[in-house]
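The next block holds one structure in the form of structure tokens; read it before the comments.
The values are calculated or read from the model by the stated rules, or taken from the named source; none is laboratory data. From a predicted model like this one, the values you see are computed outputs, not experimental measurements. When we count neighbours, we look across all protein chains shown, and the Cβ atoms used for this are built from the backbone with ideal geometry, even at glycine. Heavy atoms of the whole protein, side chains included, go into the accessibility calculation; ligands, DNA and RNA do not. Shrake-Rupley method; radii C 1.70, N 1.55, O 1.52, S 1.80 Å.
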Amino acid sequence: MKYLRSIILSLTLLLVSTAAFAAEGEKAKEGGINLKEILFGHVQDSYQWHITDINDHAVVLPLPMIFYSQQSGFHVYCSSQFEHEPDAELLREGPDGFYIQGAEDEKGRVVEKVGDELQPVCFDISITKQVCVVFIDAIVLLLCILIPARWCKKHKISDPAPKGFTGLMHMFIMSVYDDIVKSVLGEKADKYAPYLLTCFFFIFFANLMGVMPFPPGGGNITGNIAVTAFLALCTFLITNITGNGHYWREIFWPEVPTWLKVPVPLMPAIELFGVFIKPIVLTVRLFANMLAGHAIAISLSCMIFIMFGIGGVMGDVLGGVMTPISVLMSIFMMFLELLVCYIQAMVFTLLSAIYIQMSHAHPEH
């Protein structure tokens, strides 16, 4: 009976999703759906948080805009003070001669009208959608770490294991610590565990919130190369600042034949190049995997709109056939994305631990 209920519920969700996608497909055929907006609106940053559309009316959460203009100094506005729809020149008019360049779901660029010219502002620290997601991710991370830490502080090792949320997080934290951090770093695990555990859970929670299509999710911050580059930069600094003398000796004077080091420093150049390649690998690996996963999942849904957009009997037939296929594939991709969220966080943490361990290598006897 339990399995029968699950099957009936799954079929019901499939039918409802199919009908909803078919209805949206009919809108697409009438030109009411902007496929580019659907595809890029989820993965791009913006000055406002688009939640949904109700009766062709956009429901958005306005966010604060803070920037500095060379002409008039600092300004603080709300994104709702700017036009939601761009004009023919893709400019969204705002107060005091300021504009946002780009569509409504793009971060664009704030420009100021000086005479007949548009000049970009020189300093923009606005609280955008992805910045909000970073704050939410940090709060969730603190709660998930401090609550179990508070329990551990009040109990002894001999006490029974915690239950509920604390027990789940305790198991999760120890799994990452034992299987990744300690297995790679050994005796140095306790020194670098706080940073590596922070990296893992920050990336994992950020990936999960990127999969959720509704607030507090919806901001794909790990699909933003600036975020992944900052995380990789932290690993780069920790690796090279705490590296021992043997690590630097292997870079500038590796144990290879002398003719590979002088008069042309071939091997030192290759080793030094590898030092900077490692953070680039961390940056691109996480960014590309998360961005590609979101793009594929959204593209599968957009296939329905494209088929219905053909028009005529052929468009209706192709749209009707593609709707259940696309829904099933989208559900499959969502479950796959959940697995990828964990894998990418684990891979970033594992590679960071390996790079740190390599910087503490000792000479072989």
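Taking I139 as the residue in question, decide whether it is open to solvent by 20 Å² or more (accessible area, probe 1.4 Å), in contact (Cβ under 8 Å) with a residue 40 or more places away in the chain and either touching a Phe, Trp or Tyr at 6+ places or on another chain (Cβ under 7 Å) or of a type in the set (A, V, I, L, M, F, W, C) (or both).
So I139 does not fit the description; no.
Can you name the number of the only condition in (1) out of contact with any helix residue (DSSP H, G or I) (no Cβ under 6 Å at 6 or more places or on another chain); (2) among the hydroxyl-bearing types (S, T, Y); (3) at pLDDT 80 or above that S299 fails?
Looking at each condition in turn, S299 falls short on (3).
Are any of the residues in region 11-21 part of a loop (DSSP other than H, G, I, E, B), out of contact with any strand residue (DSSP E or B) (no Cβ under 6 Å at 6 or more places or on another chain) and either farther than 21 Å from P215 by Cβ or modelled with pLDDT under 85 (or both)?
The initial filter retains those residues of region 11-21 that are part of a loop (DSSP other than H, G, I, E, B), namely none.
Scanning region 11-21 turns up no residue that is part of a loop (DSSP other than H, G, I, E, B), out of contact with any strand residue (DSSP E or B) (no Cβ under 6 Å at 6 or more places or on another chain) and either farther than 21 Å from P215 by Cβ or modelled with pLDDT under 85 (or both).
Of everything in region 176-187, what is at pLDDT 90 or above and either open to solvent by less than 40 Å² (accessible area, probe 1.4 Å) or not polar (S, T, N, Q) (or both)? Give them in sequence order.
Within region 176-187, V176, Y177, D178, D179, I180, V181, K182, V184, L185 qualify.
Could you figure out which of (1) part of a loop (DSSP other than H, G, I, E, B); (2) over 30 Å from V76 (Cβ atoms) isn't true of M171?
Every listed condition holds for M171 apart from (1).
Applying the selection to region 180-207, what residues are touching a Phe, Trp or Tyr at 6+ places or on another chain (Cβ under 9 Å), of a type in the set (A, V, I, L, M, F, W, C) and touching a residue at least 24 places away in the same chain (Cβ under 8 Å)?
Listed by number, the residues that qualify are I180, V181, L185, L196, L197, C199, F200, F201, I203, F204.
Out of P95, P86, I need the residue that is at pLDDT below 85 and more than 25 Å from G210 (Cβ to Cβ). Which one?
The unique qualifying residue is P86.
Under 7 Å by Cβ, and 6 or more places apart or on different chains, what pairs join a residue from region 278-291 that is in contact (Cβ under 8 Å) with a residue 12 or more places away in the chain with one that is hydrophobic (A, V, I, L, M, F, W, C) and open to solvent by 50 Å² or more (accessible area, probe 1.4 Å)?
These pairs meet every condition: P279/L233; T283/I225; F287/I225.
Scan region 105-123 for residues that are surrounded by 16 or more Cβ atoms within 10 Å (Cβ to Cβ) and in a strand (DSSP E or B) and jot them down. Full working, then the answer.
First, pick out the residues of region 105-123 that are surrounded by 16 or more Cβ atoms within 10 Å (Cβ to Cβ): 105-108, 110-112, 118, 121.
Passing the criteria: V110, V111, E112, L118.
Determine which single condition I136 fails, assuming it passes every other condition in (1) part of a helix (DSSP H, G or I); (2) more than 30 Å from Y68 (Cα to Cα); (3) aliphatic (A, V, I, L, M).
Looking at each condition in turn, I136 falls short on (2).
Do we find that P148 is open to solvent by less than 50 Å² (accessible area, probe 1.4 Å) and in a loop (DSSP other than H, G, I, E, B) in this structure?
On the way: open to solvent by less than 50 Å² (accessible area, probe 1.4 Å): yes; in a loop (DSSP other than H, G, I, E, B): no.
So P148 fails the test.
Give the residue that is least open to solvent (accessible area, probe 1.4 Å), with candidates limited to residues of region 224-272 that are touching a residue at least 12 places away in the same chain (Cβ under 8 Å) and among the aromatic types (F, W, Y).
Looking at the filtered set, the residue picked out is Y247.
Can you confirm whether region 56-72 contains a residue that is modelled with pLDDT of 85 or more, in a helix (DSSP H, G or I) and surrounded by fewer than 17 Cβ atoms within 10 Å (Cβ to Cβ)?
Checked against the condition, which is being modelled with pLDDT of 85 or more, in a helix (DSSP H, G or I) and surrounded by fewer than 17 Cβ atoms within 10 Å (Cβ to Cβ), region 56-72 yields no hits at all.
In region 142-177, what count of residues is obtained for those that are within 20 Å of the chain's Cα centre (by Cα) and in contact (Cβ under 8 Å) with a residue 60 or more places away in the chain?
Number of matching residues: 1.
Could you check, for region 82-104, whether at least one of its residues is among the charged types (D, E, K, R), within 27 Å of C199 (Cα to Cα), outside any loop (DSSP other than H, G, I, E, B) and open to solvent by 20 Å² or more (accessible area, probe 1.4 Å)?
Scanning region 82-104, I find no residue that is among the charged types (D, E, K, R), within 27 Å of C199 (Cα to Cα), outside any loop (DSSP other than H, G, I, E, B) and open to solvent by 20 Å² or more (accessible area, probe 1.4 Å), so the answer is no.
With respect to V134, determine if the residue is β-branched (V, I, T) and either loosely packed, with under 11 Cβ neighbours inside 10 Å or modelled with pLDDT under 85 (or both).
In short, no.
Here's the yes/no breakdown for (1) touching a helix residue (DSSP H, G or I) at 6+ places or on another chain (Cβ under 6 Å); (2) modelled with pLDDT of 90 or more; (3) outside any helix (DSSP H, G or I); (4) not small (G, A, S):
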position: M314; (1), (2), (3), (4): no, no, no, yes
position: V317; (1), (2), (3), (4): no, no, no, yes
position: G320; (1), (2), (3), (4): no, no, no, no
position: V327; (1), (2), (3), (4): yes, no, no, yes
position: I331; (1), (2), (3), (4): no, no, no, yes
position: M334; (1), (2), (3), (4): no, no, no, yes
position: M346; (1), (2), (3), (4): no, yes, no, yes
position: I356; (1), (2), (3), (4): yes, yes, no, yes
position: H360; (1), (2), (3), (4): no, no, yes, yes
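Select from region 311-355 the residues that are of a type in the set (F, W, Y) and within 14 Å of T222 (Cβ to Cβ) and write down the one among them that is surrounded by the fewest Cβ atoms within 10 Å (Cβ to Cβ).
Across region 311-355, the extreme among qualifying residues is Y342.
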